[in-house]
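**Student:** Take this structure, written in structure tokens, and hold onto it; I'll ask about it next.
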Amino acid sequence: MGLASANKGILFVISGPSGVGKTSIIRSVLERVKNVVFSVSCTTRKQRPGEINGVDYFFISQEEFDEMIRGNKFLEWAKVHDNYYGTPSDFVFKHMDDGNDVILDIDVQGALNVKKNFDGAKFVFIAPPSYQTLGERLKRRGTETEEKIQRRLETARKEIKYIPEFEYLIINEDLESSITNLISIIYAERLKFDKLKETDKVRNLLKEVQ
Ligand code: 5GP
């Protein structure tokens, strides 16, 4: 299925290990860049303190999740650390049709599924400066037990191996640079001639000089 078209928004798929700082980077980018929206995923995971239902995730039951799979309501879904996560497709398509860019924060399996099934999405991997710093960050975040941290680190090891599948790589050395880098990627994609050539402005400009 093709997602790319002149007047449509762009789909940015952002992946990277848990604890790498994806959420903070994306949050700031959403505040600073116009016409970009965040796709709120559905999950069967328990709500963490501070998380808001409908903002961070839609926290739903396993039955509700299964029902959505059966109803073909997900653009992609995956099981991550014993919980299910999925991207509701209606929201993504509606915003892209309205010309907004959409950001997905999804795991690597989900990203690879989007890559397989849709043309035109842009893939960004956010990596830690080193594997070791990731462990330290997860511990500092303090939201997970030691056992869960170990599992997330194991998953991270596998995810990092998939970096070559991604088009863009941001190494999250410091938050501010990573925010600037993600914003640059969004603007660069918006400015591609291939994307702009079908717009009235560019068509008219080229017609004027013929
Ligand atoms: P967390 O439980 O820490 O919020 O997220 C765990 C992992 O699930 C993260 O890597 C996050 O990117 C991923 N994730 C969140 N929403 C989705 C989704 O809709 N689909 C997929 N495939 N992964 C998701």
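**Student:** How big is segment 102-142 by the Kirkwood estimate over distinct Cα pairs, in Å? Walk me through the intermediate numbers first.
**Tutor:** Details: mean 1/r = 0.0815 Å⁻¹.
Across segment 102-142, the inverse of the average 1/r is 12.3 Å.
**Student:** Given the options Thr44, Thr145, Thr23, which has the most mean-square fluctuation in a GNM of the chain, springs set between C-alpha atoms less than 10 angstrom apart?
**Tutor:** Comparing Thr44, Thr145, Thr23 in the GNM, the peak value goes to Thr145.
**Student:** Enumerate the calculated ³J(HN,Hα) couplings along segment 150-166 in order (Karplus 6.51 cos²θ - 1.76 cosθ + 1.60, θ = phi - 60°), each rounded to whole Hz, writing x wherever the residue is Gly or Pro.
**Tutor:** Couplings: 4, 5, 5, 5, 5, 4, 4, 4, 5, 5, 4, 5, 8, 3, x, 6, 9 Hz.
**Student:** What spacing in nm lies between the two simple spin-label points modelled at Thr180 and Lys34, each 7 Å away from Cα in the Cβ direction?
**Tutor:** A separation of 2.3 nm, rounded to one decimal place.
**Student:** Could you give the C-alpha radius of gyration of the chain expressed as a fraction of 2.2 N^0.38 Å, taking N as the number of residues it contains?
**Tutor:** Details: Rg = 18.1 Å, N = 210, 2.2 N^0.38 = 16.8 Å.
Normalised Rg, Cα atoms only: 1.08.
**Student:** Still on this model: What nm value, rounded to one decimal, do you get for the distance between Glu63 and Leu191 when each label is placed 7 Å out toward the C-beta?
**Tutor:** 5.3
**Student:** Ok, one more. When Lys and Arg each count +1 and Asp and Glu each count -1, what net charge do the other residues less than 14 Å away from Glu154, Cβ to Cβ, add up to? Could you put the intermediate results ahead of the total?
**Tutor:** Values: positive: Lys148, Arg151, Arg152, Arg157, Lys158, Lys161; negative: Asp82, Asp107, Glu144, Glu146, Glu147, Glu159.
Every neighbour counted, the sum reads 0.
**Student:** Could you tell me which trypsin sites (Lys or Arg not before Pro) in segment 7-89 are loop residues by DSSP with no more than 11 other beta carbons within 10 angstrom of their beta carbon?
**Tutor:** Working: sites: Lys8, Lys22, Arg27, Arg32, Lys34, Arg45, Lys46, Arg70, Lys73, Lys79; in loops: Lys8, Lys34, Arg45, Lys46, Lys73.
Counting only loop positions with at most 11 other Cβ atoms within 10 Å, the trypsin sites (Lys or Arg not before Pro) in segment 7-89 are Lys34, Lys46.
**Student:** Rounded to two decimal places and with Rh computed the Kirkwood way over Cα pairs, what is Rg over Rh for segment 68-114?
**Tutor:** Reported Rg/Rh, Kirkwood definition of Rh: 0.99.
**Student:** What share of Cα pairs, in percent, lie more than 15 angstrom apart in segment 140-210?
**Tutor:** 74
**Student:** Based on the Kirkwood radius over alpha-carbon pairs, what value in µm²/s does the Stokes-Einstein equation return for the translational diffusion coefficient of segment 92-202 at 25 °C and 0.890 mPa s? Intermediate values should be presented prior to the final figure.
**Tutor:** Values: Rh = 16.3 Å.
Translational diffusion coefficient: 151 µm²/s.
**Student:** Can you give the net charge of the other residues whose Cβ lies under 14 Å from the Cβ of Phe193, counting K and R as +1 and D and E as -1? Provide the component values of the computation, followed by the final result.
**Tutor:** Working: positive: Arg190, Lys192, Lys195, Lys197, Lys201, Arg203; negative: Glu189, Asp194, Glu198.
So the surrounding residues net to +3.
**Student:** So, one more: Stretched out fully, how many nm does the piece from Arg45 to Glu208 gain, at 0.36 nm a residue minus the Cα gap? Show your work: numbers first, answer last.
**Tutor:** On the way: separation 163, 0.36 × 163 = 58.68 nm, distance 5.62 nm.
Here the segment from Arg45 to Glu208 would lengthen by 53.1 nm.
**Student:** Here's a follow-up. Would you pull out the residues with amide H under 5 Å of Lys8's amide H, same chain only if 5 or more places away, H placed 1.01 Å from N?
**Tutor:** Residues meeting the amide H criterion: none.
**Student:** Only bridges whose two residues both fall in the chain count here: according to DSSP, what percent of them are antiparallel, nearest 5?
**Tutor:** Numbers: 8 of 28 bridges.
The antiparallel proportion sits near 30 percent.
**Student:** Could you work out how much longer the chain between Thr143 and Asn83 gets when fully extended? Use 0.36 nm per residue separation minus the Cα distance between them, nm to one decimal.
**Tutor:** Gain on stretching Thr143 to Asn83: 20.0 nm.
**Student:** At a temperature of 10 °C and a viscosity of 1.306 mPa s, determine how fast segment 1-73 diffuses translationally according to Stokes-Einstein, using the Kirkwood radius over alpha-carbon pairs as Rh; express D in µm²/s, rounded to the nearest whole number. Don't skip to the answer; put the middle values down first.
**Tutor:** Working: Rh = 14.7 Å.
Using the Kirkwood radius from Cα pairs, D works out to 108 µm²/s.
**Student:** Which of the pairs Lys22/Lys158; Lys161/Lys195; Lys122/Lys161; Lys22/Lys139; Lys79/Lys116 have their Cα atoms more than 23 Å apart in this structure?
**Tutor:** Numbers: Lys22/Lys158 17 Å; Lys161/Lys195 31 Å; Lys122/Lys161 19 Å; Lys22/Lys139 16 Å; Lys79/Lys116 18 Å.
Over 23 Å Cα-Cα: Lys161/Lys195.
**Student:** Which three semi-axes in whole Å describe the equivalent ellipsoid of segment 12-121, each the square root of 5 times a Cα gyration tensor eigenvalue, listed largest first?
**Tutor:** Working: eigenvalues 80, 62, 39 Å².
Computed over segment 12-121, the values are 20, 18, 14 Å.
**Student:** Using 7 Å Cα-to-Cβ label points, what is the Arg151/Ser24 separation (nm, one decimal)?
**Tutor:** The answer from the label model is 2.5 nm.
Readers should treat all values here as calculations from the given coordinates under stated rules, not as data from a laboratory. Please read these numbers as outputs of a predicted model, since none were measured by experiment. Here the Cβ is made from the backbone with ideal geometry for all residues, glycine too, and neighbour counts use every protein chain on show.
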